[in-house]
Amino acid sequence: MQKYIVKSLLSSLFLFNLLFTEETIEVQFDFDYTHDYNIGKFIVRFDSLRSSFTIFNKNNINHIIWKSLDNKAFLTGSKAKESVNEDHGSFFIKDKINQVFNYQLVDKISIYSDTMYIDGFLQNKNKSLKAPYRFIFSAINDFQISFRAEIDSSYCNRSSLHYISDNDEYIYGFGEQFTNFNLKGKTVPIFVSEQGIGRGKQPITFLIDLVANSGGNEFTSYAPIPHYISSKRNSIYLKNLEYSVFDFSSFNSASISVFSNIINGAIIHSENPLDIINEYTEFSGKMKPLPSWSQHGAIIGLQGGTDRVGQIVDSLLGKGVPISGVWLQDWVGQRVTEFGKQLWWNWELDKNHYPKWDSLLTSLHDKNIKVLTYINPFLTDVSNKNNFGTNYYKIAQDSSYFVVDSLGIPFDLDITTFSASLIDLTNPAAKNWFKKIIEKNMLSLDVDGWMADFGEALPYYSNLYSGNLGSAFHNYYPVMWAQLNSEIVENSFKKDELLYFCRSGYTQSPRSTSLFWLGDQLVTWDNYDGIKTAITGLLSSGLSGFSLNHSDIGGYTSIKTPFLKYIRSKELFMRWAEINAFTSFFRTHEGNRPEDNHQVYSDEETMIHFSKMAKIYSSLAFYREILMQESYERGSPIVRHPFLHYPEDKEVLNIKNEQFMLGSEFMICPILDEKREEATCYLPMGNWVHLWSLNEYNFVDKGEKIKINSPIGMPAVFYKKDSDIAKMFLSNLKNMRILD
């Protein structure tokens, strides 16, 4: 067994003392200037001349996996006190730093087996205080090396890691990022929150902030993940639950800061980006394949009660729309607010709104149509509802099942124009009680799936039954919410046929989630909160284990005031359907203003177009089943950025949302702007065939950009020539009379 110990001796040893900046390593060693340490398949090189640590893989010592900055501290700490304001699920975090420890002393390096221990001290500016720390590198396997830093908590409650990031490096990932795909040059906060309405688009963001303080910005996300992959094919992720910030704003460096005295994560390297995702999802979990029924038609989001649902379903079937299921989110009854049509969060069937429920389900099941509903981890007081059986809010309140503040008072959280309280899922009694409500009141209705909404609003200053604080557990609440839904499915006699889709998420949500959706996009064409963000969110989240994800066809959020109007157009709905035909789940949403938005059933032309897109989606069911199995085994996303298959092609690095791949065999270049009928698509090296014209594009040495006519109903889709998958797809389209 290999064991090295190198320690400082205050007499007769080389003293290396640099004071060029305020972030400095002071090092004392008794060996040559450069020394390599073997840690599994990795080499950690300490260069005392530059006061730096560099990590290589033994298989490729010319490729730097990670490197600290020359003559600067790679670990710093601070003592600080944050202040956090919350409003409608949005969080505003400010940090006041009282003491900074940015001088680093490396006192001892120890190697035991495949683990390196670096011990030393951090000092404040005038060196009056010394904060002991330990930094650990440990080989996980041939692809991953973990790191963990712990600074003495009596001195520091913040920790930061500093390292090199080349100026020409592209940074991808961080879960669902909607505005930016490449995060180089950005500072990315990681904190689960309300996505926001507008997210920088004006004037709506300003007005929403004025009214509800929840307009959001380019980084607000229901599912931000502290994990990224760079174009250098290096990857870093955190295991921390606390608030963290990844800073790539500097020219040639990066830093990761965490609201904790401990920073815990890992570094991954592989030449193949898909291998990196496979490695990362060993930590986050890999998503299981969806039930087969979900892949053979559309899921139609409907509201309005028994008669209306039946009429619209019959109308769509009459136009040849293949329907796999209907999603009835208003099974609990509707309430009308200033925001639009919303729900009564009491989780029992509203028999006035859905009379003859059993007959409706029988009728739909006889047509081979599944039924999905809606749930979230809140309860609201229904004392003023016209009809209810049990007021579960009152029971939870009396039983102390809600998340509370420091005085033990339940938080009354603003949703839109009503309030609700959040179930404390760390309380076993509360969790089991809530599960029984869902099983008794929803699963007993013979439903086949549901939306598991929310999860992002755990108050920062809450006190939990487990003894944890909201500040430390906020990001983990979505994981607990997904786990609860997973347990309900696992306990069901028809667990293999059930699915649920979640909005919020964190690092280990994929392990416990059937399916994700991207939240509440605005019904617009923009890159702030509109249709373009749906693709960016799909591509970025797929790098962080969200392999099965989708968006509401047509978006969700509509605004209609005398001063501001955002209403879903017919063209937007049709183009969005063209995108989602090539994703993992094909589902509509009427939005918060159903009567104002253009809907799938609004006119004959829309229904015919939607029927075609649903048939295209159904024609790809066989391929998605292959891809879902690959996701389950390797974590690979269904929808992929071309970088995953062409990492050496510099042209694909700048692709943001203009195009995406379905698996490895299809390239899709959607129309994302109003009144456009020509798509620009970059086709990498290879032989590609245009779906509709069958024109071939053969690029031998490098790829090229082409322009292709793409009227509504003919999305720009290319497949690899001689692909057996493509041949099966074409055969299915011909059988459905989509192609001649």
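The values are calculated or read from the model by the stated rules, or taken from the named source; none is laboratory data. Since we're looking at a predicted model, the values are computed, not measured. Glycine gets a Cβ as well: all are built from the backbone with ideal geometry, and neighbour counts include every protein chain shown. We work out accessible area using only protein heavy atoms, side chains counted, and drop any ligands, DNA or RNA first. Shrake-Rupley method; radii C 1.70, N 1.55, O 1.52, S 1.80 Å.
General observations
- When R511 is tested against (1) among the basic types (K, R); (2) touching a Leu at 6+ places or on another chain (Cβ under 8 Å); (3) surrounded by fewer than 20 Cβ atoms within 10 Å (Cβ to Cβ), only condition (2) is not met.
- Residue count for region 647-684, restricted to those that are within 28 Å of D275 (Cα to Cα), open to solvent by 40 Å² or more (accessible area, probe 1.4 Å) and touching a helix residue (DSSP H, G or I) at 6+ places or on another chain (Cβ under 7 Å): 1
- Residues that are part of a helix (DSSP H, G or I), open to solvent by less than 10 Å² (accessible area, probe 1.4 Å) and either of a type in the set (A, V, I, L, M, F, W, C) or more than 24 Å from K58 (Cα to Cα) (or both) within region 265-313 comprise I276, I277, S284, S294, Q295, V309, V313, listed in sequence order.
- Residue in region 71-83 that is of a type outside the set (A, V, I, L, M) and over 24 Å from Y243 (Cα atoms) present: yes
- Annotation: S153 fulfils all but one of (1) out of contact with any strand residue (DSSP E or B) (no Cβ under 9 Å at 6 or more places or on another chain); (2) more than 25 Å from S90 (Cα to Cα); the unmet one is (1).
Residue by residue, here is whether (1) within 42 Å of the chain's Cα centre (by Cα); (2) open to solvent by less than 20 Å² (accessible area, probe 1.4 Å); (3) modelled with pLDDT under 85 holds:
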{"site": "K7", "(1), (2), (3)": "no, no, yes"}
{"site": "S11", "(1), (2), (3)": "no, no, yes"}
{"site": "E26", "(1), (2), (3)": "yes, no, yes"}
{"site": "Y37", "(1), (2), (3)": "yes, yes, no"}
{"site": "N57", "(1), (2), (3)": "yes, yes, no"}
{"site": "N60", "(1), (2), (3)": "yes, no, no"}
{"site": "K72", "(1), (2), (3)": "yes, no, no"}
{"site": "K79", "(1), (2), (3)": "yes, no, no"}
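- Of the residues F660, F666, F586, the single one that is among the aromatic types (F, W, Y), modelled with pLDDT of 95 or more and under 30 Å from G340 (Cβ atoms) is F586.
- Checklist (1) within 25 Å of the chain's Cα centre (by Cα); (2) under 28 Å from K58 (Cα atoms); (3) surrounded by fewer than 19 Cβ atoms within 10 Å (Cβ to Cβ) applied to Y172, failing item: (3)
- Listed by first and then second residue, the pairs linking a residue in region 636-651 that is over 12 Å from S540 (Cβ atoms) to a residue that is of a type in the set (K, R) and in a helix (DSSP H, G or I), with Cβ atoms under 9 Å apart and 6 or more places separating them unless they lie on different chains, are I638/R624.
- Of the candidates N695, N687, the single residue that is without any contact (Cβ under 8 Å) to a residue 12 or more places away in the chain and open to solvent by less than 90 Å² (accessible area, probe 1.4 Å) is N695.
- Single condition Y461 does not satisfy, out of (1) open to solvent by 10 Å² or more (accessible area, probe 1.4 Å); (2) within 16 Å of the chain's Cα centre (by Cα): (2)
- Hits in region 398-415 (condition: open to solvent by less than 90 Å² (accessible area, probe 1.4 Å) and among the charged types (D, E, K, R)): D405, D414
- Criterion violated by N527 - all others in (1) assigned to a loop (DSSP other than H, G, I, E, B); (2) of a type outside the set (D, E, K, R); (3) open to solvent by less than 10 Å² (accessible area, probe 1.4 Å) satisfied: (3)
- Subset of region 314-328 (residues that are surrounded by fewer than 22 Cβ atoms within 10 Å (Cβ to Cβ), in a loop (DSSP other than H, G, I, E, B) and not basic (K, R)): G320, P322
- Sole residue being of a type in the set (D, E, K, R), in contact (Cβ under 8 Å) with a residue 12 or more places away in the chain and open to solvent by 20 Å² or more (accessible area, probe 1.4 Å), chosen from K707, K727: K707
- Those residues of region 201-217 which are hydrophobic (A, V, I, L, M, F, W, C) and in contact (Cβ under 8 Å) with a residue 40 or more places away in the chain, in sequence order: I204, L207, A212
- When residues of region 88-119 are limited to those that are farther than 18 Å from A149 by Cβ and polar (S, T, N, Q), the one most open to solvent (accessible area, probe 1.4 Å): N98
- Among the residues of region 532-559, those identified as β-branched (V, I, T), over 14 Å from L662 (Cα atoms) and crowded, with 24+ Cβ neighbours inside 10 Å are T533, I553, T557.
- Verdict on S611 being in a loop (DSSP other than H, G, I, E, B), of a type outside the set (F, W, Y) and open to solvent by less than 10 Å² (accessible area, probe 1.4 Å): no
- Only one of E677, E665, E651 that is in contact with a Lys or Arg (Cβ under 9 Å, 6 or more places away or on another chain) and farther than 14 Å from F582 by Cα: E651
- Candidate set: region 583-608, residues that are touching a strand residue (DSSP E or B) at 6+ places or on another chain (Cβ under 7 Å) and surrounded by fewer than 23 Cβ atoms within 10 Å (Cβ to Cβ); chosen: the one farthest from R511 (Cα to Cα): D596
- Scanning region 231-251 for residues that are open to solvent by less than 10 Å² (accessible area, probe 1.4 Å) and of a type in the set (S, T, Y), we see that the one that is farthest from S160 (Cα to Cα) is S235.
- Region 614-633 residues that are closer than 12 Å to M736 by Cβ, paired with ones that are open to solvent by 50 Å² or more (accessible area, probe 1.4 Å) (beta carbon under 7 Å, 6 or more apart): K615/M736; S618/H296; S619/M736; A621/H296
- Residue among L364, L349 that is hydrophobic (A, V, I, L, M, F, W, C) and outside any helix (DSSP H, G or I): L349
Residues checked against (1) under 30 Å from E242 (Cα atoms); (2) part of a loop (DSSP other than H, G, I, E, B); (3) touching a residue at least 40 places away in the same chain (Cβ under 8 Å):
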position: S547; (1), (2), (3): yes, yes, yes
position: F573; (1), (2), (3): no, no, no
position: E578; (1), (2), (3): no, no, yes
position: T583; (1), (2), (3): no, yes, yes
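Residues checked against (1) at positive phi; (2) of a type outside the set (A, V, I, L, M):
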| position | (1), (2) |
| --- | --- |
| R634 | no, yes |
| I655 | no, no |
| M661 | no, no |
| M667 | no, no |
| I671 | no, no |
| E677 | no, yes |
| G713 | yes, yes |
| K727 | no, yes |
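- Residue satisfying condition, being modelled with pLDDT of 95 or more, surrounded by fewer than 18 Cβ atoms within 10 Å (Cβ to Cβ), closer than 30 Å to Y476 by Cα and of a type in the set (A, V, I, L, M, F, W, C), within set I395, I375: I395
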